Each structure stands twice: as C-alpha cells, then as structure tokens.
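Visitor: Input: one structure, supplied below.
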Amino acid sequence: MQIEDIPAGESWACRFRTTTFVDANGVPMNPNLQLGQAHPGLPGVYEGIGVIQVRDTANRRVQLQDVESMQQYTVSFDDCWDVDTIEWTEEA
C-alpha cells in the first residue's frame, strides 16, 4: 500500500526515517532546553515505526507519532515504507 492510497478515516502506521538529535545508542532525544543551552545529543538518522496522524498529499509529507519515543515527526513520503493498517487493542 502506498501512502497516497490510504482511505480517509482509517488508522495506518509505517516505518520511517528522519534526521534528529539522538543519544549514543541512536535513541531520539527531546530534552526541555532553555534558550542558549547546549543540546546533549548529536544529529543522526533515526528509524522507527510511526502512527500516521496527518497526511499532506500536495506536499507529499506525513506527520507521524513514533510508537517508541511518542515524539512527533514530519517526514517525506519517500522516507516511509511498510505501510499497514493498525489494529487497536485495549490493555487489561
């Protein structure tokens, strides 16, 4: 399935890649920094699985929420693959 073909109103996720600040283990960082404070991470490529929240077909971008870090990323369609439906379940 291509992102362009996703029916509106359904929940989908995909694997994605983006450049962000990561720690030494490649885990994305999102510290609350004060103005002028140095960032503890280094720029690097992060790959994860994200729930598609917003799809912009005109600009070929999606807003995703990473399932591991819970951070939001906006990435190009070209940086997404393995698009699939989501099956939501309730934890007991």
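Visitor: How much of the accessible area of the chain, probe 1.4 Å, is carbon plus sulfur, in whole percent?
Guide: 46 percent
Visitor: I would also like to ask the following. With just the Cα atoms defining each centre, how far is segment 32-72 from segment 78-92? Give it in Å.
Guide: 17 Å
Visitor: With contacts defined as alpha carbon pairs under 8 Å and 6 or more residues apart, what's the relative contact order of segment 47-92 in percent?
Guide: Relative contact order comes out at 26 percent.
Visitor: Could you compute how much accessible surface Asp84 exposes when probed at 1.4 Å, giving the result in Å² to the nearest 10?
Guide: The value for Asp84 is about 90 Å².
Visitor: May I pose another question? Roughly how many debye, to the nearest 20, is the charge dipole of the chain about its Cα centre, given +1 on each Lys and Arg Cβ, -1 on each Asp and Glu Cβ, and no other charges?
Guide: I would put it at about 460 debye.
Visitor: Same structure, new question: Averaged per residue, what accessible surface does the chain expose to a 1.4 Å probe, in Å²?
Guide: 71 Å²
Visitor: Still on this structure, please answer the following. Suppose accessible area is computed on protein heavy atoms with a 1.4 Å probe; arrange Glu47, Glu91 from highest to lowest.
Guide: Solvent-accessible surface, decreasing: Glu91, Glu47.
The values are calculated or read from the model by the stated rules, or taken from the named source; none is laboratory data. These numbers were taken from a predicted model, which means no experiment stands behind them. Note that we place each Cβ from the backbone using ideal geometry, even for glycine, and neighbour counts take in every protein chain shown. Keep in mind that these areas ignore ligands, DNA and RNA; they rest on the heavy atoms of the full protein, side chains included. Shrake-Rupley method; radii C 1.70, N 1.55, O 1.52, S 1.80 Å.
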